[in-house]
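The values are calculated or read from the model by the stated rules, or taken from the named source; none is laboratory data. What you are looking at is a predicted structure, and each value in this text was computed from that prediction instead of being measured. Cβ coordinates were reconstructed from backbone atoms using ideal geometry, including for glycine residues, and neighbour counts include every protein chain displayed.
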Amino acid sequence: MSPTAEAVADRRPVYLTELAQGTARFHEPRRAACPWCGSTRLRTRLRTTDLLQHKPGSFTVDECRGCGHAFQNPRLTPQGLNFYYRDFYDGLHARRIDRVRVDRVHGTRDADRRAAAAARALFRLAEPESWLDVGTGHGHFPAVAKQVHPYTAYDGLDVGDAVEQARRDGRVEEAHRGLLTDLAPRLAGRYDAMSMFHYLEHCLDPREELKAAHRVLRPGGHLLIELPDPESHYARVLGRWWLSYFQPQHLHFIPLTNLRTELRALGYTVVAVDRAEPHVPHDLAAACALLLGHWLPGADEPWRSAAPGSLQRRLRTLLTSASAPLVGAAQAADRALAPLARRTRFANAYRVIARRDADRP
């Protein structure tokens, strides 16, 4: 039995014991009102399952008819988040997830270009001496940003041990391990630049994260945010197969107007907005991969009650190889359509740069 198969077999009893109690306990009670504006005028935007790891459970994304904010409802509990995050970024599932996500350790050529473009976007406005990258993972962004502006000191913050490895590897100078909201008092007024790349959508309360960032930034410092755009036409066209829904990990989908309004209310001035550069041309290819992953015979996973038989394994390998040209064609279409998508509402992400205002007396 291969090491991977052994690891799966070792974890299976743990998962099956947890799943024997059902998945309903992983969800909080359903909200009757929008967490952003308080309106009770909600509609169901999405119902789906875990299309990435194929762990048991179902998930709903509701949308507020008042402000347009979309959110997972009912939301996962901390126990649920631990269950669905486990084995995703590291461990059993990491190699498979690399097919549909940016590599968090070394990045890719396209990811490096996007990171460099984001760094240059802020450096056109200011030249920070110290920069904190929140949700840094293995420190991919700071490693690229150093090449753009080597005189800035880059630190990283994350909840996992990857940030410690990023410090050991020299990608960040200091590693802060924990939640931004918990560490903000200790880091108050320390940085004149902060970045949050696809971070807020994972947070239980994005408003509290923005307040914590305001506390950590010096007056006049800049906050750079990139988020999936829930108003992207791809979301409507692809439905549950739109990768940026990323259930069950994405808890909030914040329209650009809502974020700009909230930043102003918290004491920021929005100085730049961009939907073109943050667009990642992967929507069609990722949708194909998710669709195929949903219908192909299941892989051996510890949350499945039994390992697949040899016939099922061979059939999965054969169908996966046969479908590769389809995914390749979708990827080529993504790249061909990227210039058009960036100029239209098909762009799948947006960037906001906001300057922290001076403290009011």
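Val8 meets the conditions (1) modelled with pLDDT under 95; (2) surrounded by fewer than 17 Cβ atoms within 10 Å (Cβ to Cβ) in every case but one. The failed one is (2). When the test is whether a residue is loosely packed, with under 12 Cβ neighbours inside 10 Å, more than 18 Å from Gln53 (Cβ to Cβ) and either assigned by TED's automatic domain parsing to the domain that holds Ile225 or modelled with pLDDT under 95 (or both), Leu311 passes it.
For every residue, the table says whether it meets (1) under 30 Å from Asp334 (Cα atoms); (2) in contact with a strand residue (DSSP E or B) (Cβ under 8 Å, 6 or more places away or on another chain); (3) of a type in the set (D, E, K, R).
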{"site": "Leu157", "(1), (2), (3)": "no, yes, no"}
{"site": "Gly178", "(1), (2), (3)": "no, yes, no"}
{"site": "Asp192", "(1), (2), (3)": "no, yes, yes"}
{"site": "Tyr199", "(1), (2), (3)": "yes, yes, no"}
{"site": "His202", "(1), (2), (3)": "yes, no, no"}
{"site": "Glu231", "(1), (2), (3)": "yes, no, yes"}
{"site": "Ala235", "(1), (2), (3)": "yes, no, no"}
{"site": "Leu238", "(1), (2), (3)": "yes, no, no"}
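Residues of segment 52-75 that are among the hydrophobic types (A, V, I, L, M, F, W, C) and in contact with a His (Cβ under 6 Å, 6 or more places away or on another chain): Phe71 alone. For segment 219-276, a residue qualifies if it is over 17 Å from Cys64 (Cβ atoms) and assigned to a loop (DSSP other than H, G, I, E, B), and the qualifying residues are Ser232, Trp242, Phe246, Gln247, Pro248, Gln249, Leu266, Gly267, Arg275, Ala276.
Rundown of residues vs (1) touching a helix residue (DSSP H, G or I) at 6+ places or on another chain (Cβ under 6 Å); (2) without any contact (Cβ under 8 Å) to a residue 24 or more places away in the chain; (3) crowded, with 18+ Cβ neighbours inside 10 Å, yes/no style:
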| residue | (1), (2), (3) |
| --- | --- |
| Leu16 | no, no, no |
| Gly22 | no, yes, no |
| Phe26 | yes, no, yes |
| Arg30 | no, no, no |
| Gly38 | no, yes, no |
| Arg43 | no, yes, no |
| Arg47 | no, no, no |
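Taking the listed residues Ala265, Ala286, Ala235, Ala212, the one that is surrounded by fewer than 21 Cβ atoms within 10 Å (Cβ to Cβ), out of contact with any Cys (no Cβ under 7 Å at 6 or more places or on another chain) and of a type in the set (Gly, Ala, Ser) is Ala265, with no other qualifying.
Of the residues making up segment 150-161, not a single one is in a helix (DSSP H, G or I), out of contact with any helix residue (DSSP H, G or I) (no Cβ under 7 Å at 6 or more places or on another chain) and not acidic (Asp, Glu).
Return yes when Asp283 is out of contact with any strand residue (DSSP E or B) (no Cβ under 6 Å at 6 or more places or on another chain), charged (D, E, K, R) and more than 13 Å from Asn348 (Cα to Cα) and no when it is not. So Asp283 fails the test.
Figure legend. Inter-residue proximity from segment 227-241: first residues at positive phi, second residues at pLDDT 95 or above and not in a helix (DSSP H, G or I), beta-carbon distance below 9 Å, spacing 6+ or different chains. Indicated pairs: Gly239/Leu46; Gly239/Thr48.
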